[in-house]
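Peer 1: Submitted below is the structure of interest, expressed as structure tokens.
The values are calculated or read from the model by the stated rules, or taken from the named source; none is laboratory data. Predicted model, so just to flag it, every value in this text is computed and none were measured. Cβ atoms come from the backbone with ideal geometry, glycine included; neighbour counts cover every protein chain shown. The area values use the complete protein model at the heavy-atom level, side chains included, leaving out ligands, DNA and RNA. Shrake-Rupley method; radii C 1.70, N 1.55, O 1.52, S 1.80 Å.
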Amino acid sequence: HDHDHDHDHDHDHDHGVPAILAGRPPRDASPTAHRLAELGIIDGWDLDPTLPNATRTAVRRRFPLSSVSLRPDASHDDVAGTAGGGYGAGVHLDAHRLNARYLTRVVDPRRLLANFRVVAGLPPEKYVIGSDPRESDEETIGPYCDVGSGLSYAEHPGACWEAPDCELRGHFAGHYLSALAFVASGAVDGSDQINGSDRIDPEFVTGHQSDVATARHAREMLDRFVDGLALAQASKSTSAGYVSAFPEEVLERQGALKGAWAPYYTLHKIGQGLLDAHVVAGNAKALDVLEGMANAVLTRVRRLIRAKGASHWFEGALEYSKAAFGAESGGFNELAWRLYRLTGNADYVTLAGLFDHPTFLGRMSKGGDGLEREHANFHEPIAMGAYVRYEITGDEASRRAFRNFIELLRGTRAYATAGTCDGERWQAPGRLERIIVSTETQETCTQVNFERLANAAVASFGEAEARDWADYSERASLHGPVGLQRKPGELLYTTPLGVGVSKGRSGHGWGRPDAAFWCCYGTGVEALARLQDGVFWRLEAGAKVPGDDASATTSTDVVYIARVTTSASAAWNEKGVTVRVSVDPFYHDARNDGGGDGGSSGLIGTTQKSFVSAVAITVMPVEGREEPTSIRVKLPRWAGGGSRVSLNGERVRCGSHGSHSKDSKEDSSGWCDVTRVWRKTDVVRASFPLVVRAEPLLGSDKSPGFGTGSNQRLDGKGARHAVVAGPYVLAALGPGAWIADLRVNLGPTRIAGAGHFGRASEDSGSSGGVHAGASE
């Protein structure tokens, strides 16, 4: 029961960097005497380290969401460079629009606010029925899943997590606020043109309104929602600054270890929603409400520590073995660090440390594991907080903890979908075989959070590693947010990955738009609202290049294109440059038909066909810009070395496989760098083969005879495999399908740099069953 929280995006934009951040976080003459010094180091994790007075950590920066727009996928002819029309919006824009329709046309924000009003002692809202005042009547606006509806927690446990008797109530409201901010900022670029041909209509109608109208509607709803939270916070019925859908009594029980369901986790969601409303959507009032809430939490936890001691908090109330889900705090440490970066208020450094979970982070910083049977999404947001602490302070222990954690997950607990966990918990390292008979794999929250962690690696690691983590992030998005929604408001909690399974046949199945509101609903609507995030990254001229070489800088402004399966545009307004990417994700490349080294492997059937992800990139500078800009295009590992790039029809040789044109910088790091003073007529075209291959399921070769019936391997030995084309895990439709039928290479072709994504099958000639076969 837990979540995510991305939102690296806009936080470095529009507000400037407080002078206080030029070095380390602020310290008194006695550095930590009134903060966390008395708590010292717990399990190897320094809660308030003395940090070097260093410059800011070198990272690639995301483009703010307000400057990135999803675009319809290109038609075959458009990518090939000839005239032609489009054939549809594509999976990303379609998913975004369905979700936006749910957020703005289905969810009633007044019902989400109803529980906040109850806690604040405010009367319920009412609305008038009828147009004639003499005959009209008033009706009370109650919460979702009210008592007596058959969907309250007492009547139907687990059916609705925003019910007035569910202790997690309010969590979806926070996610909803974040998602509204993303929709409000991420309208489709109505001025979009490629080679003079209009490709996007700003009034393109989906459902009942256009993308632009949807964005405006989302902004209006966001402002009203923040007003509702501010009104509840101003009430005299609660402690100063407190705002929540559950009463403070729940926090009292959590502090007394008397059982509570993740109250600080829920407060984190509300707080993150307020932060996104302010930073992404520009609502000034949201920051005031957030600071009031953060100060209330800081006051409460400090009071508890003074009364019962630090060990009661860190080794009791925040320890799962003692407090169970009462210890879950989501990404409160990350939220506090981001709030500190925004305001420069040193109190939020203290607040971050209070939610660091030192036992876990201390173990991670020392290279330990200990993740078996641990609740996955309890820990992923904490690791993200460690990353943000590193990004802001340069603290090496935080960097080690973050790196060790994500490498453990990718190397020993990752599925072919880039997902992780079974039944919300991690298996023993390298032993994932149980998923063949499980329906509770890949919880949506963990999938989205792992994508965020991968994006943090893209931001901060060296070029080669950043490419590999960009591959991972791309795959996590394709097999997580993009596929978790079938209709507006019908989302998945988990995605079954076994043999003979269906998305809708799991412990939760498809949720109801007006009733589920599970943790994964909130995570899901957020992720669907920011599918454009992570496509583009940037470095300014003269900036340090992330990685181990501290002296490396870039001589030009650099735009990274880190996902080559998503059509999108990004405007770097300060530099006067707009980059547009149009993708045909399944372009039939007749040049490669008929075999080869695997780059042209046939899909299922008898006719050999080669498919590629075909990409067209244009750079639109403002009039008069004469400075060069570097466009760095990811060369994904999943293309099997068959990537092709051209500039204005002339082949560009990238990497160490041949010569390069005068416009291309040779680079073996996995990025193709094309640097020039761009003209609007310049077009970069790239193709990335969807190499068909098999990827083994870790541990499935260690349990001979595992499974029965249709789950039995043909020969009783060898690993289970997923069949993968490019970044896409394929689903087999029908009563049974086997790799032996598909002529798929079981050799050492892999896609990323380590672990499950970097290990060849030990028995490359063995046959085995196909996993990751969700068929619906």
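Peer 1: Please verify whether Pro513 is under 25 Å from Tyr387 (Cβ atoms) and either open to solvent by 20 Å² or more (accessible area, probe 1.4 Å) or part of a strand (DSSP E or B) (or both), treating the condition exactly as stated.
Peer 2: Spelling it out, it is not the case that Pro513 is under 25 Å from Tyr387 (Cβ atoms) and either open to solvent by 20 Å² or more (accessible area, probe 1.4 Å) or part of a strand (DSSP E or B) (or both).
Peer 1: Another one. Testing Gly282 on (1) more than 23 Å from the chain's Cα centre (by Cα); (2) surrounded by fewer than 24 Cβ atoms within 10 Å (Cβ to Cβ), one condition comes back false. Which one is that?
Peer 2: Condition (1) is where Gly282 drops out.
Peer 1: Right, another one. What number of residues within the range 538-569 are aliphatic (A, V, I, L, M) and over 21 Å from Glu463 (Cα atoms)?
Peer 2: Residues that pass the stated criteria total 1.
Peer 1: Suppose we keep only residues that are more than 25 Å from the chain's Cα centre (by Cα) and in contact (Cβ under 8 Å) with a residue 60 or more places away in the chain within the range 342-358. Which one would you say is farthest from Tyr265 (Cα to Cα)?
Peer 2: The qualifying residue farthest from Tyr265 (Cα to Cα) is Gly344.
Peer 1: Go through the range 342-367 and count every residue that is over 19 Å from His312 (Cβ atoms), assigned to a helix (DSSP H, G or I) and open to solvent by 10 Å² or more (accessible area, probe 1.4 Å).
Peer 2: The total comes to 6.
Peer 1: In the range 388-400, what residues are over 28 Å from Thr444 (Cα atoms), of a type in the set (Asp, Glu) and open to solvent by less than 20 Å² (accessible area, probe 1.4 Å)?
Peer 2: Asp395
Peer 1: For the range 288-311, enumerate the residues that are closer than 22 Å to Pro247 by Cα and either in contact with a Leu (Cβ under 6 Å, 6 or more places away or on another chain) or open to solvent by less than 40 Å² (accessible area, probe 1.4 Å) (or both).
Peer 2: Within the range 288-311, Val289, Leu290, Gly292, Met293, Ala294, Ala296, Val297, Leu298, Arg300, Val301, Leu304, Ile305 meet the criteria.
Every residue, every condition in (1) modelled with pLDDT under 90; (2) among the hydrophobic types (A, V, I, L, M, F, W, C); (3) open to solvent by less than 70 Å² (accessible area, probe 1.4 Å), yes or no:
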site	(1), (2), (3)
Val79	yes, yes, yes
Leu98	no, yes, yes
Arg101	no, no, no
Val118	no, yes, no
Glu138	yes, no, no
Glu162	no, no, yes
Cys166	no, yes, yes
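Peer 1: Then there is this: When you scan the range 303-314, do you find a residue that is assigned to a helix (DSSP H, G or I), closer than 24 Å to His175 by Cβ and of a type in the set (Lys, Arg), even just one?
Peer 2: Scanning the range 303-314 turns up no residue that is assigned to a helix (DSSP H, G or I), closer than 24 Å to His175 by Cβ and of a type in the set (Lys, Arg).
Peer 1: With touching a residue at least 40 places away in the same chain (Cβ under 8 Å) and either open to solvent by 20 Å² or more (accessible area, probe 1.4 Å) or more than 23 Å from the chain's Cα centre (by Cα) (or both) as the only criterion, which of Gly370, Gly385, Gly316 stands out?
Peer 2: None of the other options fit; the residue is Gly316.
Peer 1: Can you tell me which residue in the range 427-451 is modelled with the highest pLDDT, limited to those that are in a loop (DSSP other than H, G, I, E, B) and surrounded by 24 or more Cβ atoms within 10 Å (Cβ to Cβ)?
Peer 2: Gln442
Peer 1: Here's something else I'd like to know. Six or more apart or on different chains, Cβ atoms under 7 Å: show the pairs whose first residue is in the range 254-276 and without any contact (Cβ under 8 Å) to a residue 40 or more places away in the chain and assigned to a loop (DSSP other than H, G, I, E, B) and whose second is acidic (Asp, Glu) and open to solvent by 10 Å² or more (accessible area, probe 1.4 Å).
Peer 2: Going by the 7 Å Cβ cut-off, there are no qualifying pairs.
Peer 1: Which residue out of Ala550, Ala541, Ala527 is modelled with pLDDT of 95 or more and surrounded by fewer than 21 Cβ atoms within 10 Å (Cβ to Cβ)?
Peer 2: Ala541
Peer 1: Please work out which residue is modelled with the highest pLDDT, limiting yourself to the range 484-500 and to residues that are under 17 Å from Ala722 (Cα atoms) and open to solvent by 10 Å² or more (accessible area, probe 1.4 Å).
Peer 2: Thr495
Peer 1: So Lys503 ticks every box in (1) touching a residue at least 40 places away in the same chain (Cβ under 8 Å); (2) open to solvent by less than 10 Å² (accessible area, probe 1.4 Å); (3) within 30 Å of Asp108 (Cβ to Cβ); (4) over 12 Å from the mean Cα position of the chain (by Cα) but one. Which box is left unticked?
Peer 2: The failed condition is (2).
Peer 1: Right, next: Take the residues of the range 569-584 that are touching a helix residue (DSSP H, G or I) at 6+ places or on another chain (Cβ under 8 Å) and buried (at least 21 other Cβ atoms within 10 Å of the Cβ): which is nearest to Val612 (Cα to Cα)?
Peer 2: Only one residue fits best here, namely Asp584.
Per-residue answers, yes or no, for (1) at pLDDT below 95; (2) closer than 17 Å to Val674 by Cα; (3) of a type in the set (Val, Ile, Thr):
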| residue | (1), (2), (3) |
| --- | --- |
| Asp557 | no, yes, no |
| Ala562 | no, yes, no |
| Thr565 | no, no, yes |
| Arg580 | no, yes, no |
| Asp593 | yes, no, no |
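Peer 1: A follow-up question, please. Based on what the data block shows, is Phe536 modelled with pLDDT under 95 and either touching a Phe, Trp or Tyr at 6+ places or on another chain (Cβ under 7 Å) or open to solvent by 50 Å² or more (accessible area, probe 1.4 Å) (or both)?
Peer 2: No: the conditions fail for Phe536.
Peer 1: Here's something else I'd like to know. Tell me, which residue of the range 223-250 that is open to solvent by 10 Å² or more (accessible area, probe 1.4 Å) and not in a loop (DSSP other than H, G, I, E, B) is nearest to Asp288 (Cα to Cα)?
Peer 2: Among them, the one singled out is Ala230.
Peer 1: If we scan the range 673-692, do we find a residue that is polar (S, T, N, Q), assigned to a loop (DSSP other than H, G, I, E, B) and at pLDDT below 90?
Peer 2: no
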